[in-house]
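**Student:** I'd like to ask you about the structure that follows.
Each reported figure results from applying straightforward, stated rules to the coordinates on display, with no laboratory input. What you see is a predicted model, and the numbers here were worked out from it, not measured in a lab. Neighbour counts are summed over all protein chains in view; Cβ atoms, including those assigned to glycine, are modelled from backbone coordinates with ideal geometry.
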Amino acid sequence: MKKLLISIIGALTLSAAWPALAGPDFQAIEKARANRQAALVAQGASTVRVDSTTGQPVRCPPDPLMLPLDHGPRALTTPGENRIRKARYEAQLKACANPAL
């Protein structure tokens, strides 16, 4: 009886440990690699151009405009700086819309 119990416990232990000894899942690895390559190709779809006026690289399309708080006791910037940022963003949009630049 004792040997039977030890044999059953050993068999259960080996059956529980079998997936850990099976090795890598190549199908999952290849799928992850293909997904990563597809993401890189999709990320490369946004082109980078150089603005002729500033010489700075311009991402097309640019990231959405996010202006910091410019009023109140905890203002992070001034309205003038926000106007400059907004004008710069509109210039980037114009440069992306006109590929001749």
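**Student:** Taking 0.36 nm per residue of separation and subtracting the Cα-Cα distance, what length does fully extending residue 8 through residue 83 add? Walk me through the numbers before you get to the answer.
**Tutor:** Numbers: separation 75, 0.36 × 75 = 27.00 nm, distance 7.62 nm.
Length gained between residue 8 and residue 83: 19.4 nm.
**Student:** Taking 41 Å as R0, compute the FRET efficiency from the Cβ-Cβ separation of residue 70 and residue 37 and round it to 0.05. Show your work: numbers first, answer last.
**Tutor:** Working: r = 42 Å, r/R0 = 1.03.
Step by step, r from the Cβ atoms, then E = 0.45.
**Student:** Give me the lysines in straight-line cross-link reach of residue 86: C-alpha distance below 16 Å, same-chain residues under 8 apart excluded.
**Tutor:** The qualifying lysines are 94.
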